[in-house]
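Chemist: Let me give you the structure first, and then I'll get to my questions.
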Amino acid sequence: MKKENIPKDDWGLSDNVSQELCYATDADGSYTTGLSPGWEAKNIALSQAWHDIKDALVQTVNEVEEGSVSPLKFYMQFNLMEPFLLASFVGIATWRVKLHMKPMFYNKMGDKMLSKYATELGISVDDMKNPNHVPSINVEEAVKQKSGVEV
Amino acid sequence: MIIDFKHNQSAHCENGVISNLLKHHNVHLSEPMIFGIGSGLFMGFFPFLKLNGIPIATFRTSPGMIFQRATKQLGIKIRKAKYRKPKRAMDALDRALDQGIPVGLQIGVYHLTYFPRALRFHFNMHNIVVYGKKNGLYQISDPVLENTTELSYNELVTVRYSKGPFAPNGKMYYPTDIPSSFDIQPAIRKGISKTCKDMLDIPVPMLGHTGYKYVAKRMRNWPDKLGERQASMWLGQFIRMMEEIGTGGAGFRFIFSAFLQEASNELNEPWLKDVSAEMTESGDRLREFALHASRICKNRATQDVGYSELADILVEVSDREKAIFTKLKALGK
């Protein structure tokens, strides 16, 4: 890559934190470095990733409304986790997380278990107990807030 | 207290941390030099190891290897420690800082408050240097950022104890014993020769230069096997592995090319500059690949470049890198 070809595709995905350092060649072919605010290929891949996360969350909200899964699935996915990962954050077995994703077991959870989840998932116990919380979330807005990406 | 530590931005966190830590101890090696001596370049595709149900691809050696190899080649001793209890991990960090030692840490980026929000995934192999504490805030040199930053005690505990694959478990490290003089030439030769072995000699089709062909062969069938939508998700993740986690497939090729130029001067082997130029071309082809692939993802088909054209690029890169490393092999002899 030549220095003048260092991509300058700033899609605002970096929250103005920093530009990236790139290695590129100057006029006589020697290597030097330059800064890039972003690159189309990366930006597309990132946006698509968040887009897919949003789609999955919208589907989960429907499932929660139907009553086929518990709100835990939504909170978990919103934190980009899978049962195994959530289990290791909370410090319990994966099968217990899977059980808690079923409404029947979710509703039986005590305050102690709920607060463990709440801490790791960045929500309040009250929201977890409120059956209308997940259906009331504007998924698109929430994912946009979380990622800074238009989805 | 704050240690007088010079922050230099790098393209990749692991190289950057090593390079910065060594510079603090008056060993001046550039990021590409560390990457080359540490034999960082690689290619691998793991159909059985999956992330979100999609196979993992990598364009570099496994995390931590560059560090291990580079310090070994240079004869530098490193103190490494992991801690079961966060309190002990933080106390150990404080003690090292009190002694005036800048400390490298492995962390997860999901809870990393200063990181761009769009990049906060559960990725546990990020590396930073802590070089002091002021008003209760830890002073952080994150090598992929232009400037230094700060984290509170609790923020630092959270990222040091992130969970999931490659969980850091509070890992910290710093060089303890640095030889007063280096023989850089044998280290460079060994670094190159190890990279050649990794890229040419592993008798597994998914690893080394054959890895590209392995993916290419499968990629041609993705649209038929998986359907358009699923295929574009697989391709999307492939680019993210390539470009977002770390420095990028092409990015690593450019760092390696920069290394070959430096090596050419150090070893007085002018022909390495030509090989460097060839490696640059290989990187450029990978950039083209990523760009075409991302456009396919965006428009979900309806492109003049399709999956089989993408696969052709990978096959070409495979042949190019085979030729490059076959030439480089001569150095090791």
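Just so it is clear, none of the values below were taken in a lab; they were calculated from the coordinates. The shown structure was predicted, so the numbers you read here are calculated from the model rather than taken from an experiment. No Cβ is skipped: glycine too gets one built from the backbone with ideal geometry, and neighbour counts run over all protein chains shown.
Chemist: Relative to the Cα centre, what is the charge dipole magnitude of segment A:42-147, using +1 at the beta carbon of each Lys and Arg, -1 at the beta carbon of each Asp and Glu, and rounding to the nearest 20 debye?
Modeler: 380
Chemist: Counting DSSP beta bridges with both partners in the protein assembly as shown, what percentage is antiparallel, nearest 5?
Modeler: 95
Chemist: Now, a different point. When only DSSP loop residues count, what chymotrypsin sites (Phe, Trp or Tyr not before Pro) in segment B:1-104 have their Cβ near at most 16 other Cβ atoms within 10 Å?
Modeler: none
Chemist: Follow-up. Given the -39500 (n - 2.57) contribution per DSSP H run of 4+ residues, what per-residue ellipticity at 222 nm results for chain B, rounded to the nearest 500 deg cm²/dmol?
Modeler: Per the formula, -17500 deg cm²/dmol.
Chemist: Over the Cα atoms of segment A:42-147, what radius of gyration and what Dmax do you get, in Å?
Modeler: 13.6, 44
Chemist: Using Cα positions and a limit of under 16 Å, work out the aspartates and glutamates in reach of B:Lys82, with same-chain residues fewer than 8 apart set aside.
Modeler: B:Asp91, B:Asp94
Chemist: What is the count of Lys pairs in segment A:30-151 whose alpha carbons sit under 15 Å apart, if the two are 8 or more places apart or on different chains?
Modeler: For segment A:30-151, the number of qualifying lysine pairs is 12.
Chemist: With charges only on Cβ, +1 for K and R and -1 for D and E, what is the dipole size of the protein assembly as shown about its Cα centre, in debye, rounded to 20?
Modeler: Value, rounded to 20: 1980 debye.
Chemist: Shifting gears a bit: For chain B, give the share of DSSP beta bridges that are antiparallel, in percent and rounded to the nearest 5; count only bridges with both residues there.
Modeler: 100
Chemist: Taking each residue in A:9-20, count the Cβ atoms of any other chain within 10 Å of its Cβ, then average. What number comes out?
Modeler: Taking all residues of A:9-20 together, the mean is 4.
Chemist: Continuing with the same structure: Compute and list, largest first, the equivalent-ellipsoid semi-axes of the protein assembly as shown from the alpha carbon gyration tensor, each √(5λ) rounded to a whole angstrom. Don't skip to the end; give the middle numbers.
Modeler: Details: eigenvalues 290, 178, 72 Å².
Its equivalent ellipsoid spans semi-axes of 38, 30, 19 Å.
Chemist: Loop-only trypsin sites (Lys or Arg not before Pro) in segment B:1-64, please: DSSP not H, G, I, E or B, and at most 15 other Cβ atoms within 10 Å.
Modeler: In loop regions of segment B:1-64 (DSSP not H, G, I, E or B), the sparsely surrounded trypsin sites (Lys or Arg not before Pro) are B:Lys6.
Chemist: How shielded is B:250-260 by partner chains, expressed as the average number of their Cβ atoms within 10 Å of its Cβ atoms?
Modeler: Details: counts 5, 6, 1, 2, 7, 4, 1, 6, 7, 2, 1.
Going residue by residue through B:250-260 and averaging, the value is 4.
Chemist: Still on this structure, please answer the following. Determine, for segment B:184-332, the count of lysine pairs separated by eight or more sequence positions (or lying on different chains) whose alpha-carbon distance falls under 19 Å.
Modeler: 18
Chemist: Note the direction-averaged projected area, equal to a quarter of the hull surface, for the Cα convex hull of segment B:173-309, in nm².
Modeler: Values: hull surface 44.4 nm².
Averaging across all directions leaves 11.1 nm² for the Cα convex hull.
Chemist: Relative contact order of segment B:184-332: what whole-number percent is it, with Cα pairs under 8 angstrom and at least 6 residues apart?
Modeler: Contact order relative to length: 37 percent.
Chemist: Give me the mean projected area, in nm² to one decimal, of the convex hull enclosing the Cα positions of segment A:41-82.
Modeler: Working: hull surface 11.4 nm².
Over every viewing direction, the Cα hull of segment A:41-82 projects on average to 2.9 nm².
Chemist: Considering all projection directions equally, how large on average is the shadow of the alpha-carbon convex hull of segment B:44-135, in square nanometres?
Modeler: 8.8
Chemist: Turning to a different aspect of this structure: Under 8 Å for C-alpha pairs, at least 6 residues apart: give me the relative contact order for segment A:42-147, rounded to a whole percent.
Modeler: Reported relative contact order: 30 percent.
Chemist: Just the number: Rg to Rh for chain B, Cα atoms, Kirkwood Rh, two decimals.
Modeler: Rg divided by Rh gives 0.99.
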